[in-house]
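The values are calculated or read from the model by the stated rules, or taken from the named source; none is laboratory data. Keep in mind it's a predicted model, so treat the numbers as computed, not measured. A quick note on method: Cβ atoms are made from the backbone with ideal geometry, for glycine too, and the neighbour counts reach across all protein chains shown.
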Amino acid sequence: MSWAQRAARNILPLSREKSHLAAALKEWRYEGGFHDLEAPEADCELCDHPDIRYQFEIRNLLTDARLQIGSECINRFGISATGDDGEDLDAAGTRKRVGRDRRTLVEEARKKRVITALVALSQADPEFRILAFIDYLQDRGAFTPKQLALLLWRFEKLRVPFNVRDFKLTIRRDREKVQLLDMADWQIERLLPAMSPSQREFLAAARSLASQ
């Protein structure tokens, strides 16, 4: 059975239109409801695709029926999204909104993993000032080079599970750039997975200039 056939089987009984999939799909909208299941454990209620983690809700404007589906199906089946003012978006606008909302989910999941690691570290090391680090994270969304180097050292020393790629580095301020450039090569190597492409470019350029 094709995706279109599965979609027709799932959506036609919930729509005013009972015969034609394309016509029935025009009754549905993505209005911005989404959530993270935290594990890929659901099936898309439109096409039955398994292992969905991020669910996006679509609603039938005529019957008020709702389905939890994967973000890809919104674009694949041409379901329109609504804009910030409730207007129907075209295909390009829909893709933009769905992409933005998916990035929001991914970013929220990343931050949650970071906070989970920090909490675990505070439990393993009662002297660790978790609130100061969480406050800094909430304020700036990232850690300075010294802060992140300290965190990585403590995680490894106390064998607290973490993924360095979940952490972000900030070097917007001059003192933060100095912190990074003053670090030993082995310290910088540990921070590289948390650095953005532009931060790596800055580091390479600064090192090249210093070697001249």
Tally, over the stretch 41-59, of residues that are surrounded by fewer than 18 Cβ atoms within 10 Å (Cβ to Cβ) and not charged (D, E, K, R): 3
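This table checks each residue for (1) touching a strand residue (DSSP E or B) at 6+ places or on another chain (Cβ under 9 Å); (2) β-branched (Val, Ile, Thr); (3) surrounded by 19 or more Cβ atoms within 10 Å (Cβ to Cβ).
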site: LEU12; (1), (2), (3): no, no, no
site: THR63; (1), (2), (3): no, yes, no
site: ILE79; (1), (2), (3): yes, yes, yes
site: ALA92; (1), (2), (3): no, no, no
Under the condition of being of a type in the set (Phe, Trp, Tyr) and not in a helix (DSSP H, G or I), which residue from the stretch 140-166 is surrounded by the fewest Cβ atoms within 10 Å (Cβ to Cβ)? PHE162
Restricting attention to the stretch 125-139, the residues that are part of a helix (DSSP H, G or I) and surrounded by fewer than 14 Cβ atoms within 10 Å (Cβ to Cβ) number exactly 5
Subset of the stretch 167-177 (residues that are within 14 Å of GLN199 (Cβ to Cβ) and assigned to a helix (DSSP H, G or I)): GLU176, LYS177
Assess whether GLY99 counts as being closer than 21 Å to SER196 by Cα, surrounded by fewer than 19 Cβ atoms within 10 Å (Cβ to Cβ) and not assigned by TED's automatic domain parsing to the domain that holds PRO50. no
Only one of these conditions is not met by SER122: (1) in a loop (DSSP other than H, G, I, E, B); (2) modelled with pLDDT under 95; (3) crowded, with 16+ Cβ neighbours inside 10 Å. Which number is it? (1)
Scanning for something within 18 Å of ARG95 (Cβ to Cβ), under 22 Å from the mean Cα position of the chain (by Cα) and surrounded by 15 or more Cβ atoms within 10 Å (Cβ to Cβ), does the stretch 17-29 turn up at least one residue? no
